[in-house]
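Engineer: First the structure, which I've put down as structure tokens, then a few questions once you've had a look.
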Amino acid sequence: MQIRWSLPVALTLTTLAAQAAPNAPEPPVTPVAPVVAAAPAAPALTSGLFLQNFDRTVRPQDDLYRFVNGTWLKTNEIPADKSNYGSFTLLSDEAERNLRVIVEEAAAANAAPGSAQQLVGDFYSSYMDEAKAEQLGLAATARTRPHRGHR
């Protein structure tokens with residue numbers, strides 16, 4: 001029975017003892033100025049529009065496409081082998097040039113047998129060997145073509 005009332009009595013005595021203790025003076029609080037770190041200067045926002053391509057002789061409400069792209073259309077020629085030409089076509093052309101350099105270097109290299117460079121080089125060399133292709137004719141592709149004739 002004594003256990004039930006001992007916890008409340010202990011809490012009450014602790015509270016009374018804490019209140020009866022002399023209060024020590026609090027140390028003076030000195031105000032601290034908030035530390036504000038200098039934020040780095042934000043980069044200037046730029047538009048995705050190339051203002052130098054705008055054709056100011058065309059009113060935007062008459063022909064927005066010519067207004068926005070008119071100067072570019074006047075100063076850039078679309079290659080004869082293309083129906084259009086823009087940034088993605090330019091990227092595609094550069095990728096093709098880069099790939100050609102890679103495979104030509106692989107074909108010219110004396111790479112280790114079985115290496116990726118040797119395999120790519122041999123494949124490209126066999127593709128470019130017109131004399132061998134003419135000699136073999138369609139027989140060279142017979143292994144890779146499925147049979148389409150009657151049996």
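The numbers here are math on the coordinates, done by the rules we state, and not lab data. These figures come from a predicted structure and were not determined experimentally. So basically every Cβ, Gly included, is an ideal-geometry build from the backbone, and we count neighbours across all protein chains shown.
Engineer: For a Förster distance of 30 Å, can you work out the FRET efficiency between the beta-carbons of LYS82 and LEU136, rounded to the nearest 0.05? Kindly include the intermediate steps, with their values, before the conclusion.
Structural biologist: Values: r = 34 Å, r/R0 = 1.13.
Using R0 = 30 Å, I get an efficiency of 0.30.
Engineer: Right, next: Expressed in nm to one decimal, what extension gain is obtained for the pair LEU119 and LEU99 from 0.36 nm per residue of sequence separation less their Cα-Cα distance? List each step's numbers first, then the result.
Structural biologist: Details: separation 20, 0.36 × 20 = 7.20 nm, distance 1.49 nm.
Length difference between fully extended and current span is 5.7 nm.
Engineer: First obtain the Kirkwood hydrodynamic radius of segment 52-100 from its Cα pairs, then insert it into the Stokes-Einstein equation at 10 °C and 1.306 mPa s, and state the resulting D in µm² per second as a whole number.
Structural biologist: 129
Engineer: Count the net charge of all other residues whose Cβ sits under 11 Å from the Cβ of VAL120, scoring Lys and Arg as +1 and Asp and Glu as -1.
Structural biologist: On the way: positive: none; negative: GLU104, GLU105, ASP122.
Summing Lys and Arg as +1 and Asp and Glu as -1 gives -3.
Engineer: Mind checking the full-extension length gain between TRP72 and ALA112? Use 0.36 nm per residue of separation minus the Cα-Cα distance, one decimal, nm.
Structural biologist: My answer for the length gained is 9.5 nm.
Engineer: Where does the charge balance sit around VAL101 when Lys and Arg score +1, Asp and Glu -1, over other residues with C-beta under 14 Å from its C-beta?
Structural biologist: With Lys, Arg at +1 and Asp, Glu at -1, the neighbours total -3.
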